[in-house]
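Visitor: Below are the structure tokens for one structure; questions will follow.
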There are 2 protein chains.
Amino acid sequence: MNTPAGGSRAEQKRATQARILEHARRIFADVGYDRTTIRAVAAAAGVDPGLVMHYYGSKANLFAQAIDAGSASLPGGTPDEVAEQLLDRLHGSLVEEPVQSLALLRSMLTHPEAARAFRSTARLDKDRIGRSIPDEDAELRAALVNAMLIGIALGRHLLALDHLADADPDRIVEILRPAVRAVVEP
Amino acid sequence: MNTPAGGSRAEQKRATQARILEHARRIFADVGYDRTTIRAVAAAAGVDPGLVMHYYGSKANLFAQAIDAGSASLPGGTPDEVAEQLLDRLHGSLVEEPVQSLALLRSMLTHPEAARAFRSTARLDKDRIGRSIPDEDAELRAALVNAMLIGIALGRHLLALDHLADADPDRIVEILRPAVRAVVEP
């Protein structure tokens, strides 16, 4: 077969695209949308900036691809089950927040497209959580627990607040369990 | 007296500086540090960009002045009293978050100086709250309640999350009271 060493052209292209995306995620997560340049992403991935533009067209589109994946959706259930699902997801994100989530969180306050993407993810979560809460304020309670947990993720990963940045995930979940339950189980 | 109409030169200067700072705060709060320009601040305040530079020297210094003021400090006391103080402060910020806080929050994820300023404010709060919690994890609990409430402020004012953006502050405080207590009163 007429295949170059290391795979077909199509495979090489996919590998290069994946590498570009991986470095883009890390840089978006570290410095945010505005301070990320195509040039820096290309340099990190070891390719020409023109190739990044060829594959992704614009920084806005590269960002949209980089944050694509979304957070794990919540299966739902009783308020008690939803509280545990939220705490499980929190635990996972405390151990290691996926870099595409960090890229989104880092930019959501200053890049309108990131804010929109974040709001739509938050809306899905809020709807799912809200359906499990037997209360007239179900939607508000769902939005509040969402916002609380966003604050924890930001404080740990992006702001590196004292004591929160390096605390044991198990201990954090244990302390927050009654607080999360208080909001989702009226 | 040789005073021009509208006050002395010194008074006029102070009034102009205050007007520049007020517009700078609003613009920093709306678009963040990176997207704020001296030119835009000058235009909003109705002065020449050179005058903004003359008074403030640099965008970095203008930002430092704009966010100066800090959040109201917490008097401290029993865990129960601290929980109520936090909820009172939350209520105030839900009714109207001061524009200098918004300027700081908007930029804290993407501007290193804003992140530093935010961390030092958060540290003061955390120390004050932590001293009131009779538990070996006092500092972690204090950092967690801080981060939770930051998430609520961001979700309401900067991300405008569904249901949270326009909810009644009294109702929010009522829903969050048991959650805040659960964290500060082990």
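Derivation of every value follows stated rules applied to the coordinates shown; laboratory data play no part. Everything numeric in this text was worked out from a predicted model, so none of it was measured. FYI the Cβ positions are ideal-geometry reconstructions off the backbone, even for glycines, and counts take in every protein chain you see.
Visitor: Going from the alpha-carbon gyration tensor of the protein assembly as shown, what semi-axes, largest first and in whole Å, does one get by taking the root of 5 times each eigenvalue?
Guide: Gyration-tensor ellipsoid for the protein assembly as shown: 36, 33, 17 Å.
Visitor: A further question on this structure: Loop sites only, by DSSP: take the GluC sites (Glu not before Pro) in chain B that have at most 16 other C-beta atoms within 10 Å and name the longest stretch containing none of them.
Guide: It runs B:1-95.
Visitor: Taking a ≥ b ≥ c as the square roots of the Cα gyration tensor eigenvalues, with a/c under 1.5 meaning rounded and otherwise prolate when a/b beats b/c, else oblate, which class fits chain B?
Guide: Because a/c hits 1.5 or more and a/b exceeds b/c, chain B counts as prolate.
Visitor: Just flag the trypsin sites (Lys or Arg not before Pro) in segment A:1-64 sitting in loop per DSSP whose Cβ has no more than 14 other Cβ atoms within 10 Å.
Guide: none
Visitor: What do you get for the angle between helix B:169-184 and the principal long axis of chain B? Use alpha-carbon atoms, 0 to 90 degrees, nearest ten.
Guide: Tilt of helix B:169-184: around 60 degrees.
Visitor: Separate question: Rounded to the nearest 10 degrees, what's the angle between the helix B:9-35 long axis and the longest principal axis of chain B, both from Cα atoms, 0 to 90?
Guide: 50 degrees
Visitor: Using the Cα centre as the reference, give the magnitude of the dipole from point charges on the C-beta atoms of segment A:68-186 (Lys, Arg: +1; Asp, Glu: -1; all else neutral), rounded to the nearest 20 debye.
Guide: 380 debye
Visitor: In chain A, which residue puts its Cβ closest to the axis that turns chain A onto chain B, and how many whole Å away is it?
Guide: A:151, 1
Visitor: So for A:111, B:23, fewest C-beta neighbours within 10 Å to most, what's the order?
Guide: Listing A:111, B:23 from fewest to most nearby Cβ atoms yields B:23, A:111.
Visitor: Nearest 500 deg cm²/dmol is fine: what mean residue ellipticity at 222 nm does chain A get from its DSSP H runs of n ≥ 4 alone, each adding -39,500 (n - 2.57), divided by its residue count? Kindly include the intermediate steps, with their values, before the conclusion.
Guide: Values: 9 runs with 130 residues, N = 186.
Calculated mean residue ellipticity at 222 nm is -22500 deg cm²/dmol.
Visitor: Which value results when the Cα radius of gyration for segment B:79-184 is divided by 2.2 N^0.38 Å?
Guide: Rg over 2.2 N^0.38 Å, computed on Cα atoms: 1.06.
Visitor: So how far, in whole Å, is the C-alpha centre of segment B:77-95 from the one of segment B:16-66?
Guide: Comparing the Cα centres of segment B:77-95 and segment B:16-66, I get a distance of 32 Å.
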